[in-house]
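The values are calculated or read from the model by the stated rules, or taken from the named source; none is laboratory data. None of the values given here were measured: they were computed from a predicted structure. Quick reminder, even Gly has a Cβ in these numbers, built from the backbone with ideal geometry, and neighbours come from all protein chains shown.
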Amino acid sequence: MKRNFSKLEILHQLPDHRLYHRRYIGFAPLVFVAMIYDFCTARQVQLYQVPDMATTPGSPAMVFGLDAASMRQQIEAIHDRGWLRYETTHNLDQIRLKPGNSAIEFLTEQFCELGIRNAKRGCFGLTHAANHFLYFGFGKFLVMSDPVDIVALVRALPSRPRGRGCIVLTHAYEGQREWAAELARQTGSEHIDLMALFVQDTDISRQIGQFHVPRLFEFLTGRSSAPVLIVSGVEFLKATWSGQPNAVSQFASLINTWDKSPCLPFAVQHDKELEKYDFGRRFSYMFVIDQKETLAL
């Protein structure tokens, strides 16, 4: 009684020491949908029957004392928000998870709303207050690794003999340019937004077909005399590489072996191939960083 269920006020004890289960219906929607995703993911399923969830030990419904009707009310509200599918046609009564969503992403968004993240229209980076735990529904804790101090990482790039670049994966193109510019300001670096440059400079834009991956790195080498040049707005060039085999892995490989000046941190919209690329264990350097796991600028 003195452990998690009691602290969460889920289990209570009568004067005669009998236990009773309190029903909850007023959930934070993001937390509740995170619990559903965690429950289904742990069972390696994308589809779950609502009546079964209402009676399965350990399910969100069972933990919070929800019967099938109460569970449906919660699911309908979540379905209306577009976070999962509640399928009821042809006598169905089932939940279907949406590909690409995860419990940790919903919890992250919840903490953005609570102000634990210092965010402006995008939740870019963790504040110091959020670097220990994300609290999860029924007494479970998701332990997060310490957030990355992206300012310190960028400042340290010139000390690397090789691998003098990195990739920060952003989750929305909106705000990427401003974030990269602020990172440059705080690190004393220079910043280039390729999209803006190509729009403004017609001579360069005419050469877009020539900007294969090695050509991009050659081009950037001559764009700054500063030790570090932070690059954003590369997505349109990535789109032109779609017909080039292994272009993304070639891009990652050049980051991994880059030994020239300036050092090249890229802010790039989230890319699964870049995220999964094996950079090896070169001096324990960090090469790919999720923007959501960095300290707020």
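Here are some notes:
- Screening the stretch 241-297 for residues that are among the aromatic types (Phe, Trp, Tyr) and not in a helix (DSSP H, G or I) and picking the one that is farthest from the chain's Cα centre (by Cα) gives Trp258.
- Boolean, Glu218 is within 25 Å of Asp259 (Cα to Cα), charged (D, E, K, R) and touching a residue at least 60 places away in the same chain (Cβ under 8 Å): no
- Residue, surrounded by the most Cβ atoms within 10 Å (Cβ to Cβ), within the stretch 201-224, restricted to residues that are in contact with a Pro (Cβ under 8 Å, 6 or more places away or on another chain) and polar (S, T, N, Q): Ser224
- Positions within the stretch 93-110 being within 14 Å of Ile78 (Cα to Cα) and either without any contact (Cβ under 8 Å) to a residue 40 or more places away in the chain or of a type in the set (Asp, Glu) (or both), in sequence order: Lys98
- Residues in the stretch 34-67 that are more than 17 Å from Ile78 (Cβ to Cβ) and small (Gly, Ala, Ser): Ala42, Gly58, Gly65.
- Hits in the stretch 66-109 - residues which are among the β-branched types (Val, Ile, Thr) and outside any loop (DSSP other than H, G, I, E, B): Ile75, Ile78, Thr89, Ile95, Ile104, Thr108
- Scanning the stretch 56-84 for residues that are surrounded by fewer than 17 Cβ atoms within 10 Å (Cβ to Cβ) and not hydrophobic (A, V, I, L, M, F, W, C) returns Thr56, Pro57, Gly58, Gly65, Asp67, Ser70, Gln73, Glu76, Asp80, Arg81, Gly82.
- Check on Phe111, surrounded by 14 or more Cβ atoms within 10 Å (Cβ to Cβ), of a type in the set (A, V, I, L, M, F, W, C), in contact with a strand residue (DSSP E or B) (Cβ under 8 Å, 6 or more places away or on another chain) and at pLDDT below 90: yes
- The stretch 87-108, subset buried (at least 18 other Cβ atoms within 10 Å of the Cβ) and modelled with pLDDT of 90 or more, residue nearest to Lys272 (Cα to Cα): Leu97
- Each residue in the stretch 170-185 was checked for being in a helix (DSSP H, G or I), of a type in the set (Gly, Ala, Ser) and in contact (Cβ under 8 Å) with a residue 60 or more places away in the chain, and 1 pass.
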